[in-house]
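One structure is given below, encoded as structure tokens.
The values are calculated or read from the model by the stated rules, or taken from the named source; none is laboratory data. Everything numeric in this text was worked out from a predicted model, so none of it was measured. In this analysis, Cβ positions are derived from the backbone assuming ideal geometry, glycine residues included, and neighbour counts consider all displayed protein chains.
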Amino acid sequence: MIGYVTVGVSDMDRAKTFYSELLKDMGASVVVDMDRIAFIGKSMAEPMLAVCLPFNEEPNHPGNGNMVAITASSKEHADALYAKAIELGATCDGEPGQRIPDVFYGAYVRDPDGNKLAFFVFG
């Protein structure tokens, strides 16, 4: 259902490196790179994450209440994604942990531009 999600960034090279490194173990890389926007994923036939310099050329602003949630294959995988994001320059916005018993496990970070990410597992 979702083709891609876009997050605004201030530095395209930094954002492409951050997301490519973060998601490479999941098989993702920069699929399309068009100067002010780049699509990161496995293929154009699957959902992707896009990073972009805002079209209006104004500074990017993380949305209050906006978040990109990335499915992890296990709690350990969520922990690893969280640790990798921190290593790549993200900041903690909620350490890994069980949020809803037997239902939802999650970890939260803010990328170098302040965009909120979640790494989660249901069940």
Filter segment 1-40 for residues that are within 19 Å of Glu58 (Cβ to Cβ) and in a helix (DSSP H, G or I); the one that is nearest to the chain's Cα centre (by Cα) is Ala15
In segment 1-48, residues that are crowded, with 17+ Cβ neighbours inside 10 Å and either of a type in the set (Asp, Glu) or within 21 Å of Ser74 (Cα to Cα) (or both) total 6
Result of the Cβ filter at 6 Å on segment 75-103, keeping first residues that are at positive phi and partners that are surrounded by 17 or more Cβ atoms within 10 Å (Cβ to Cβ) and of a type outside the set (Val, Ile, Thr), at least 6 apart or interchain, is Gly89/Pro112; Gly94/Tyr108
Per the filter on segment 77-109, residues within 14 Å of Glu21 (Cβ to Cβ), surrounded by 21 or more Cβ atoms within 10 Å (Cβ to Cβ) and touching a helix residue (DSSP H, G or I) at 6+ places or on another chain (Cβ under 6 Å) are Ala85, Val109
Looking across segment 113-123 at residues that are in contact (Cβ under 8 Å) with a residue 40 or more places away in the chain and part of a strand (DSSP E or B), the single one that is farthest from Val7 (Cα to Cα) is Val121
Within segment 94-112, restricting to residues that are part of a loop (DSSP other than H, G, I, E, B) and in contact with a strand residue (DSSP E or B) (Cβ under 7 Å, 6 or more places away or on another chain), the one that is modelled with the highest pLDDT is Asp111
Scanning segment 41-64 residue by residue, those in contact with a Pro (Cβ under 7 Å, 6 or more places away or on another chain) and either under 19 Å from Gly114 (Cβ atoms) or not in a strand (DSSP E or B) (or both) turn out to be Asn60
